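Peer 1: Sharing a structure, written as structure tokens. Questions coming.
A short reminder: the numbers here are calculations on the coordinates, not readings from a lab. As the structure is a computational prediction, the values presented were derived from the model and not from experiment. Here Cβ is always computed from backbone atoms with ideal geometry, including for glycine, and neighbour counts include all displayed protein chains.
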Amino acid sequence: MSEENKLILHGTWSSPYYKTVELALKLKGIPFEYVEEDLKNKSQKILTYNPVYKKIPVLVHTGKPISESLVIVEYVDETWKNGPPLLPQNPYSRAQVRFWVSFIRDQLYKTMFAVIQTQGEEQEKAVEELLEKLGVLEDGLKEFFPNIGNLSFGNGKPISESLVIPVLVHTGKPISESLVIVEYVDETWKNGPPLLPQNPYSRAQVRFWVSFIRDQLYKTMFAVIQTQGEEQEKAVEELLEKLGVLEDGLKEFFPNIGNLSFGNGDMGLLDIAMGVVFGPYRVQEQVAGVKIIDPDKTPLIFSWLNAISKHPVVVDSTPPLDKMVAMLKIFRQNALSSSAT
Ligand SMILES: N[C@@H](CCC(=O)N[C@@H](CS)C(=O)NCC(=O)O)C(=O)O
């Protein structure tokens, strides 16, 4: 392998997330160098390559690191077009694969671990929950992958997702999960402006930061609105810390985000993910009675949110301010009174 095409995978043999990437690379026939990491004593490389989560797997391609197993798999599929595809070509089938992969990861993994980590009555409950979720998966497979007994492409060829194992209705076919829908829209309508960049590494960065915003920021923002006193102070502190992590990531990967994530005034998936929760941050600050977006501490995020709020599509679809304030006040009040009882 030439130096500039060097591919290094950092992992731990027992990790399902590492296995996801290992299988994807092997199925595509891509040679790589493997570095086993000791998670109890993480190497400096992991801390540098994945400063946000400090987790494996990390794939390093031509010196550039990519984190998060499913982001890596999509990157691999988009970069090496020669080997067998890891996702089907048809946008609707791709949406189904992404939907069920996220169901497996968000619902099944956790419940499976709960079964292993418990005993007695607690374990019985976990088993019941797992069986119920497996039933949901079984029904989904019956509908969307009836030939999965012959793997998910139905042709006997293994692909990684079969191993790792709002609703949009288009031509009568439903698609669920907001981020799955956005990728479907981008792949189906090619005429309008793209929602993801074309370059696979930039796409991986967008997917990584979208999942950070969704998994880390949304929850903490809601915690700020739903709490008060000391509990709220803690939530604000956590949110500011996470916004700092995002600010650093933006500085490195999207330095022109003050002019939106494409850098040219166009909005894409990353701007949508941030805009839907943090777009009305002034309303949230007013209702929660705290300051969240500080132009001194997080100047890029501040200018980014301003650009999002001025985009004509956003201006057109933003509800009246007083309506948002009233709705959020009720939301906060309900949360505070239910936590008081
Ligand atoms: N969402 C991540 C999860 C990765 C993950 O949880 N990795 C674990 C090993 S299984 C890890 O590195 N843990 C170290 C830590 O939490 O400090 C992915 O899909 O890659």
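Peer 1: Find how many whole Å separate the alpha carbon centroid of region 240-275 from the alpha carbon centroid of region 61-104.
Peer 2: 23 Å
Peer 1: Among Lys45, Lys291, Lys55, which comes first, second and so on when ranked by fewest other beta-carbon atoms within 10 Å?
Peer 2: Lys291, Lys45, Lys55
Peer 1: Let me ask you something else. In nm, to one decimal, how far is the Lys219 label point from the Tyr53 one, both placed 7 Å along Cα→Cβ?
Peer 2: Inter-label distance under the simple model: 1.2 nm.
Peer 1: While we're here: Tell me whether region 1-73 comes out rounded, prolate or oblate; compute the Cα gyration tensor, take square roots of the eigenvalues as a ≥ b ≥ c, and use a/c under 1.5 as the rounded threshold.
Peer 2: On the way: a/c = 1.67, a/b = 1.24, b/c = 1.34.
Because a/c hits 1.5 or more and a/b fails to exceed b/c, region 1-73 counts as oblate.
Peer 1: Now, a different point. Using the Karplus curve 6.51 cos²θ - 1.76 cosθ + 1.60 with θ = phi - 60°, what ³J(HN,Hα) values do you get for each residue of region 28-38, in whole Hz, with x for Gly and Pro?
Peer 2: 8, x, 9, x, 8, 9, 9, 10, 6, 9, 9
Peer 1: Can you compute the helix-only [θ] at 222 nm over the chain? Use -39500 (n - 2.57) per DSSP H run of at least 4 residues, normalise by all residues, nearest 500 deg cm²/dmol.
Peer 2: Numbers: 16 runs with 194 residues, N = 341.
My calculation for the chain gives -17500 deg cm²/dmol from helical runs alone.
Peer 1: Next up: Under a Cβ-Cβ cut-off of 12 Å, what is the net charge of the residues other than Pro200 that fall near it, where Lys and Arg count +1 and Asp and Glu count -1?
Peer 2: With Lys, Arg at +1 and Asp, Glu at -1, the neighbours total +1.
Peer 1: Continuing with the same structure: Determine the sum of side-chain charges near Lys45: Lys and Arg each +1, Asp and Glu each -1, restricted to other residues whose C-beta is under 14 angstrom from that of Lys45.
Peer 2: Every neighbour counted, the sum reads +1.
Peer 1: Additional query: What order do you get for 296-306, 108-118 when each peptide is scored by the mean count of other beta carbon atoms within 10 Å, highest first?
Peer 2: Numbers: 296-306: 17.1, 108-118: 14.2.
Sorting 296-306, 108-118 by mean packing, highest first, produces 296-306, 108-118.
Peer 1: Which entries of Lys40/Lys234; Lys219/Lys291; Lys42/Lys219; Lys6/Lys45; Lys219/Lys310; Lys28/Lys81 have Cα-Cα distances beyond 20 Å here?
Peer 2: Correct reply: Lys40/Lys234; Lys42/Lys219; Lys219/Lys310.
Peer 1: Calculate, for Arg282 and Thr171, the FRET efficiency according to 1/(1 + (r/R0)^6) with r their C-beta to C-beta distance and R0 51 Å; round to the nearest 0.05.
Peer 2: Step by step, r from the Cβ atoms, then E = 0.80.
Peer 1: Here's another thing I want to ask about it. Can you give me the long-range amide H partners of Tyr34? Hydrogens built in the peptide plane at 1.01 Å from N, cutoff under 5 Å, separation of 5 or more residues or another chain.
Peer 2: Excluding prolines and chain starts, which carry no amide H, the hits are Leu9.
Peer 1: Which shape class applies to region 236-340: rounded if a/c is under 1.5, otherwise prolate when a/b exceeds b/c and oblate if not, where a ≥ b ≥ c are the square roots of the Cα gyration tensor eigenvalues?
Peer 2: oblate
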